[in-house]
Amino acid sequence: MPDPASSLTLLAIAFAAASGLPSLAMRRGSRKGQVVATSGMLLAAVLGIAGALLALLQPGSIRALPALPWPAGNLPGMRIDPLSAFFLVPVFLVGGMSALYGSSYRPAVRNPRTARRMSVFLGTLVAGMAVLVVSSDAFSFILGWEAMALSAFFLIGIDDESAEARSAGLVYLLATHAGTLVLFALFALWRTVTGSFAFDAAAGAALGPATRGALFLLALLVFSLKAGAMPLHFWLPGAHAAAPSHVSALLSGVVLKMGIYGLMRFTFMLGEPAPSWGWAVLAVGAASSVLGVAFAMGQHDLKRLLAYHSVENIGIILMGFGLGLIGVSSGRGLVAVLGMGAALLHVWNHAIFKSLLFLGAGSVVSRTGTRSPDRLGGLAAAMPWTAGFFLVGSIAIAGLPPLNGFMSEFLLYLAAFVGSRYPGAVDSGPLLVAAALATTGALALACFVKVYGAIFLGAPRTTQRPGLRESPPSMLVPMGILAMLCIAIGVLPGIWAPLLDRVIRSLPLGTGVDRSGLMSLAPVSALAFGSLVFAAVVTLAFLGLSFLVGRRVRRGQGTWDCGYAKPGPRMQYGASSFAASIVGLFSWALRPRFHIPRIEGSFPGATGMHSHVDDASLDRMVIPFMRKAESRIQWFRRFQQGQTQMYVLYVLVTLLALLCTLVPFGDMLADLVAGR
């Protein structure tokens, strides 16, 4: 009898992959086709989450999925263990919420040209990620990886009439397939040294230190590129900004986590980690967290800002994972457990609150038609539900209690403080984590004060559309579910602590590591509940004080108003002006460019000043390198004659060269020298 968890997971993958196919048989712009696709994705989400939770809660560490039919036989290498089950939860959760949100965000009747493509590729994206997570050999992993990569490419460029979308899709495609080449090298080396494409931890542990180090470096390179860690994040800001908002939620909330999953899976396959592995991951994580939030401060595009915060949070996850590896390699069991626990919990937390923020951004963009916070203001009055949900996401991503972002960062702080008690080389790693995390948290708080204040508070800008209305329920419900999860994970640690403990117990952390650290964190529950009570008391006190003071305020006019008797919307602080001082503090990294207007003549026309922050990798390294490479190979264009006979000649020359490799010239030369 098949295991229920594996059967449910397999059904979920099948429903997700097939969810958009019925729409292909219906007419373009059919509302019915979109309803069928959304229903299929929601069913897949329910089945997938149920299967993943069963795999986490039931005894038995590894479950093989039922064999799938394939032209060359049954599809091999599919299984679900606690680690893969843990990553399946955000895959299906965010996939289902994104599909429901997209049914109103991009209704088929208003997007007839792209509706069917959206339904098909959204389903294959979720199915591809699920296949990747349950893979146990290179073949099924590559199958899921390519399904994910190509589906994401078509979704990023879904608005192919937009130059921004085409450019972002092309950069993403080049980046993801550069990563695929490295992935092929990783699998080829693994097959060479182990004799198999199967993910066998015992085979990896038996390898020599140099071979394991080479495999780890390849894994760190390819999966850091997929996760969007600095400085390999160059594809990420443009892709997240150009894609539809519910696709951006999937990209940021889940697709990036496939890089984290791959790095964890392959690192655990290589046996006990060397100390340098943890330091490498920790350094990448610290740089990504601090620089990611710094670049976010300099953005004037809401979705690009959120994209850089994805880089920041990937850095937080990598810091936890790196500190956990340092704990394993140094025999510090509690550091290892807390570091791994913080990394894994932040995988869930970031998937939830970042998806919520992207969906909130989509709600704003769909109603206002702009992604610039400097052109918005006062939306809380017209869109109170969106404002409330976005506020929950902002508090969570800033790591403030009592929401879920605080809980994973609190675990990481605990790991850092526990690790700092040990003397020797392990001492400096926790100190680096604490310093980077504190800096990141402060900057993230400042950034979302800027974003929320500029968009939802203050007075409406003059460029804002009149008659704004709240988003429809099918867009608000997914945001509400994600907001409730942010609160539940933060206030009720007893929900996730046993699941997280189950995953950590299944990891090959070494025989000397005590894995019971998370279950002993009972004070965390009291801390979370206390934070909630404190927040409620402060809120009620503020509201009460405002009510009492407001009744006694006497309206009047001062004798001297300093020229501000009637301040207009343009006189209020904007997002850019709020962040100017912090951008200046990090100008050594951001290198902002200011475009100062030249005012000439007696009656100058309207003008303005604006600033721009180039991406550190794409604009300063990748594009200049590609331009230099293009200029160096201009001579090769002479072979592009545009004549069929020349191309046939090229083919014949290539075939002759290949045939010459089959001729034993070496043996013939040896016979000639020997006189035979």
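The values are calculated or read from the model by the stated rules, or taken from the named source; none is laboratory data. Keep in mind the model is a prediction, meaning the values are calculated, not measured. Here the Cβ positions follow ideal geometry from the backbone for every residue, glycine too, while neighbour counts run over all protein chains shown.
Being at pLDDT below 75, among the basic types (Lys, Arg) and farther than 30 Å from residue 280 by Cα: is that true of residue 461 here? The answer is yes for residue 461.
Please pick out the residue among 377, 388, 360, 405 that is closer than 25 Å to residue 245 by Cα, touching a Lys or Arg at 6+ places or on another chain (Cβ under 6 Å) and of a type in the set (Gly, Ala, Ser).
Of the residues listed, the single one that is closer than 25 Å to residue 245 by Cα, touching a Lys or Arg at 6+ places or on another chain (Cβ under 6 Å) and of a type in the set (Gly, Ala, Ser) is 377.
Consider region 48-61. How many of its residues are touching a Pro at 6+ places or on another chain (Cβ under 9 Å) and either among the charged types (D, E, K, R) or modelled with pLDDT under 60 (or both)?
First, the residues of region 48-61 that are touching a Pro at 6+ places or on another chain (Cβ under 9 Å): 50-51, 54-58, 61.
Subset that is either among the charged types (D, E, K, R) or modelled with pLDDT under 60 (or both): 61.
So the count comes out to 1.
Residue count for region 128-153 under the criterion of being of a type in the set (D, E, K, R) and more than 25 Å from residue 166 (Cα to Cα): the result is 1. For region 191-217, a residue qualifies if it is under 21 Å from residue 278 (Cα atoms) and either buried (at least 20 other Cβ atoms within 10 Å of the Cβ) or of a type outside the set (A, V, I, L, M, F, W, C) (or both), and the qualifying residues are 204, 208, 209, 211, 212, 213, 215, 216.
On the stretch given as region 274-302, residues that are surrounded by 24 or more Cβ atoms within 10 Å (Cβ to Cβ) and either in a loop (DSSP other than H, G, I, E, B) or within 15 Å of the chain's Cα centre (by Cα) (or both) total 8.
To keep it simple, each residue is scored yes or no on (1) more than 21 Å from residue 131 (Cα to Cα); (2) polar (S, T, N, Q).
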| residue | (1), (2) |
| --- | --- |
| 224 | no, yes |
| 231 | yes, no |
| 243 | yes, no |
| 255 | no, no |
| 278 | yes, no |
| 297 | yes, no |
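Among the residues of region 162-184, at least one is more than 22 Å from the chain's Cα centre (by Cα) and modelled with pLDDT of 90 or more. I'm trying to understand the selection: among the residues of region 227-270, which are polar (S, T, N, Q) and closer than 30 Å to residue 203 by Cα? Answer for region 227-270, where residues must be polar (S, T, N, Q) and closer than 30 Å to residue 203 by Cα: just 267.
The number of residues in region 148-161 that are more than 17 Å from the chain's Cα centre (by Cα) and not acidic (Asp, Glu) comes to 3. Residue pairs whose Cβ atoms lie under 9 Å apart, sitting 6 or more positions apart in sequence or on different chains, and linking a residue in region 429-457 that is over 17 Å from residue 408 (Cβ atoms) to a partner that is of a type in the set (Asp, Glu) and buried (at least 24 other Cβ atoms within 10 Å of the Cβ), are 443/312. Only one entry in 147, 168 is touching a residue at least 24 places away in the same chain (Cβ under 8 Å), outside any strand (DSSP E or B) and either under 24 Å from residue 266 (Cα atoms) or out of contact with any strand residue (DSSP E or B) (no Cβ under 6 Å at 6 or more places or on another chain) (or both), namely 168. Mind checking which residues of region 105-144 are outside any helix (DSSP H, G or I) and among the aliphatic types (A, V, I, L, M)? Of everything in region 105-144, those that are outside any helix (DSSP H, G or I) and among the aliphatic types (A, V, I, L, M) turn out to be 108, 109, 134. Residue 613 falls short on exactly one of the conditions (1) touching a Pro at 6+ places or on another chain (Cβ under 7 Å); (2) modelled with pLDDT of 70 or more; (3) more than 19 Å from residue 446 (Cα to Cα), and that condition is (3). If you take the residues of region 649-676 that are among the small types (Gly, Ala, Ser) and surrounded by fewer than 10 Cβ atoms within 10 Å (Cβ to Cβ), which of them is nearest to residue 234 (Cα to Cα)? Of everything passing the filter in region 649-676, 657 is nearest to residue 234 (Cα to Cα). Taking the listed residues 400, 411, the one that is modelled with pLDDT under 90, within 22 Å of the chain's Cα centre (by Cα) and over 21 Å from residue 453 (Cβ atoms) is 411, with no other qualifying.
A Cβ distance below 7 Å, combined with a sequence gap of six or more or placement on separate chains, defines the contacts here; from region 29-53, residues that are on the phi > 0 side of the Ramachandran plot reach residues that are at pLDDT below 90 in the pairs 29/108; 29/109; 29/112; 29/115.
Of the residues screened, residue 131 is one that is touching a residue at least 24 places away in the same chain (Cβ under 8 Å), within 12 Å of residue 13 (Cα to Cα) and touching a Leu at 6+ places or on another chain (Cβ under 8 Å). Residue pairs whose Cβ atoms lie under 6 Å apart, sitting 6 or more positions apart in sequence or on different chains, and linking a residue in region 576-587 that is under 19 Å from residue 453 (Cβ atoms) to a partner that is of a type in the set (D, E, K, R) and modelled with pLDDT of 70 or more, are 576/374; 578/450; 579/450. Can you confirm whether residue 20 is modelled with pLDDT of 85 or more and closer than 19 Å to residue 151 by Cβ? Yes: the conditions hold for residue 20.
When you go through 320, 341, 324, 360 one by one, which is the residue that is within 12 Å of residue 482 (Cβ to Cβ) and crowded, with 24+ Cβ neighbours inside 10 Å?
Working: 320 fails: within 12 Å of residue 482 (Cβ to Cβ); 341 fails: within 12 Å of residue 482 (Cβ to Cβ); 324 fails: within 12 Å of residue 482 (Cβ to Cβ).
Step by step, each of 320, 341, 324, 360 is checked, and only 360 is within 12 Å of residue 482 (Cβ to Cβ) and crowded, with 24+ Cβ neighbours inside 10 Å.
Candidates are the residues of region 127-152 that are modelled with pLDDT of 90 or more and touching a Phe, Trp or Tyr at 6+ places or on another chain (Cβ under 6 Å); the one that is nearest to residue 86 (Cα to Cα) is 133.
Among the residues of region 613-648, those that are surrounded by 10 or more Cβ atoms within 10 Å (Cβ to Cβ) and either among the hydroxyl-bearing types (Ser, Thr, Tyr) or on the phi > 0 side of the Ramachandran plot (or both) comprise 617, 647. Just checking, does region 221-230 include any residue being out of contact with any helix residue (DSSP H, G or I) (no Cβ under 7 Å at 6 or more places or on another chain) and in contact (Cβ under 8 Å) with a residue 24 or more places away in the chain? For region 221-230, residues out of contact with any helix residue (DSSP H, G or I) (no Cβ under 7 Å at 6 or more places or on another chain) and in contact (Cβ under 8 Å) with a residue 24 or more places away in the chain: absent.
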